[in-house]
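Chemist: Structure below; questions to follow.
None of the figures in this text is laboratory data; all of them are computed from the coordinates on show. Bear in mind the structure is a predicted one, so any value in this text is a computation, not a measurement. Cβ: placed from backbone, ideal geometry, glycine included. Neighbour counts: every protein chain shown.
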Amino acid sequence: MTTAITWDDGAGREGRGAVRLLDQTLLPGTVQVDDVDTVDALVDAIARLAVRGAPALGVAGAFGVVVAMDEAAREGWDDAALTAAVDRVRHARPTAVNLAWGVDRVRPLMARGRDAVLAAAREVAADDEAANHELARLAADWLLERIDRPRLRVLTHCNAGALATAGWGTALGVVRELHARGRLELVHADETRPLLQGSRLTAYELAEDGIPHVVQVDSAAPGAILRGLVDCAVVGADRVAANGDVANKVGTVGVALACREAGIPFLVAAPWSTVDVDTPDGDAIEIEERPDAEVLVVGGVRVAPEGSRAFNPAFDVTPARLVDAVATERGVLEPRVGRVPAAVGG
């Protein structure tokens with residue numbers, strides 16, 4: 001299985017180690033692994049989506065504190081400069097709560113030294129993979145109890161697989177669990193405009209695992225749902241608010257609306273680290289706006305008139321009333337009927 005982010009002790013300057021990232025902007029055509037040992041390079045990788053997906057960003061945030069500490073030691077930064085560098089990592093992308101969570105998880109250990117921070121960051125990665133396996137198991141059980149078919153047809157949007165996590169995946173972790181049980185028929189993978197994380201990344205992972213799938217344009221998803229071609233939708237999340245509202249890749253809310261109309265389950269798969277009980281609802285989630293060129297330029301060719309501008313939000317918010325379930329490693333919440341993160345707590 002492809003690994004999106006790890007720590008390599010032997011890489012980096014002076015052999016002190018580096019974050020090893022699979023550059024996801026180049027997939028599926030080119031598999032390139034980069035060793036990142038400066039804060040500038042890590043922030044750039046996060047901003048341009050070389051590393052992406054909420055859980056993977058949490059791991060990047062944790063390892064990023066180690067990168068900042070190593071760079072501070074090399075360059076002779078004072079405490080203020082180191083603090084500013086860690087803050088840059090923490091705020092590199094605003095919507096996914098896991099990035100800040102990963103930084104905050106290890107930051108209190110900085111006073112104990114670099115090795116303590118690195119050990120905690122490695123624990124963040126290990127915990128994420130374990131959480132993905134458990135939430136996938138719980139989500140598969142939840143779906144199979146409610147859908148009376150021998151094998152399920154699952155629609156997913158964007159990429160929430162091993163490439164978006166420390167391993168296994170959230171939404172694609174559920175798909176992998178169903179496939180392992182012999183209970184999966186087909187995956188409908190939305191292409192996910194404008195950067196095609198579905199066709200480039202989700203399809204890449206599904207093909208790598210030999211899982212039957214089709215790639216469809218985003219606008220085909222509601223029609224496929226209403227025609228009865230899928231049995232459920234399973235997506236990831238970048239933030240789950242206290243009331244159960246869910247921020248995920250733009251286009252998710254249209255999938256949820258179609259599922260509600262068709263009467264099929266809309267399930268969100270996310271580790272508990274993606275749940276933000278300090279954010280009351282979706283209105284409080286900052287939605288990242290990305291550059292016009294991502295929409296207006298395709299393969300280096302402009303596809304809109306020179307005077308046109310783009311509206312390019314990276315995410316949208318699906319209201320809790322449209323979310324049948326949020327599967328976490330701690331259990332399955334059901335926001336539509338009032339079982340929301342704030343009620344579960346902890």
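Chemist: Which value does Rg/Rh take for segment 127-277 over its C-alpha atoms, Rh per Kirkwood?
Modeler: Numbers: Rg = 13.8 Å, Rh = 14.9 Å.
Computed over Cα atoms, the ratio is 0.92.
Chemist: Convert 37 °C to kelvin, take the viscosity as 0.692 mPa s, use the Kirkwood radius over C-alpha pairs of segment 12-101 as Rh, and evaluate the Stokes-Einstein diffusion coefficient in µm²/s, rounded to a whole number.
Modeler: In µm²/s, the coefficient is 249.
Chemist: Which residue, Ala247, Ala171, Ala85, tops the fluctuation ranking in a GNM of the chain built on C-alpha contacts under 10 Å?
Modeler: Ala85
Chemist: GNM on the chain, C-alpha springs below 10 Å: top fluctuator among Gly244, Gly228, Gly29?
Modeler: So, out of Gly244, Gly228, Gly29, the one fluctuating most is Gly29.
Chemist: Taking the DSSP beta bridges in the chain as the whole, what percent of them are antiparallel, to the nearest 5?
Modeler: 55
Chemist: May I ask you to derive the relative contact order of segment 132-344, considering only C-alpha pairs under 8 Å and at least 6 residues apart, and to give it as an integer percent?
Modeler: Computed value for segment 132-344: 22 percent relative contact order.
Chemist: With the alpha-carbon atoms as the only input, what is the per residue convex hull volume for segment 1-54 in Å³?
Modeler: About 85 Å³ per residue, rounded to a whole number.
Chemist: Follow-up. Can you tell me the order of 125-137, 44-56, 296-308 when each peptide is scored by its average per-residue count of other Cβ atoms within 10 angstrom, highest first?
Modeler: 44-56, 125-137, 296-308
Chemist: So what is log10(I(q)/I(0)) for the chain at q = 0.13 1/Å, when the Debye sum runs over its Cα atoms only?
Modeler: -0.95
Chemist: About its Cα centre, how strong a charge dipole does segment 142-261 have in debye, to the nearest 20, once Lys and Arg get +1 and Asp and Glu get -1 at the Cβ?
Modeler: Around 120 debye, computed over segment 142-261.
Chemist: How big is the charge dipole of segment 236-284 about its Cα centre, in debye rounded to the nearest 20, if each Lys and Arg gets +1 on its Cβ and each Asp and Glu gets -1 on its Cβ?
Modeler: Computed about the Cα centre, the dipole is about 240 debye.
Chemist: Where q = 0.19, 0.20 Å⁻¹, what log10 of I(q)/I(0) comes from the Debye formula for segment 205-346, counting one point per Cα?
Modeler: Results for segment 205-346 at q = 0.19, 0.20 Å⁻¹ read -1.13, -1.18.
Chemist: Residue by residue through segment 193-198, which ³J(HN,Hα) values in whole Hz follow from phi under the Karplus form 6.51 cos²θ - 1.76 cosθ + 1.60 (θ = phi - 60°), with glycine and proline marked x?
Modeler: 5, x, 9, 6, 5, x
Chemist: Same structure, new question: Per-residue HN-Hα couplings for segment 280-289, Karplus 6.51 cos²θ - 1.76 cosθ + 1.60 at θ = phi - 60°, whole Hz, x for Gly and Pro?
Modeler: x, 7, x, 5, 8, 8, 6, 9, 5, 9
Chemist: Let a ≥ b ≥ c be the square roots of the eigenvalues of the Cα gyration tensor of segment 66-185; is it rounded (a/c under 1.5), or, if not, prolate (a/b larger than b/c) or oblate?
Modeler: Cα axes put segment 66-185 in the prolate bin.
Chemist: Just to be sure I understand the rule: take each whole DSSP H helix in the chain, project its Cα atoms onto its long axis, keep it if the span is 27 Å or more and its mean Kyte-Doolittle hydropathy is at least -0.5. Which ones pass?
Modeler: Both cut-offs are met by 54-75, 114-146.
Chemist: Are there chymotrypsin sites (Phe, Trp or Tyr not before Pro) in segment 254-322 that DSSP puts in a loop and that have at most 15 other Cβ atoms within 10 Å, and which ones? Provide the component values of the computation, followed by the final result.
Modeler: On the way: sites: Phe266, Trp272, Phe311, Phe315; in loops: Phe311.
Answer in residue order: Phe311.
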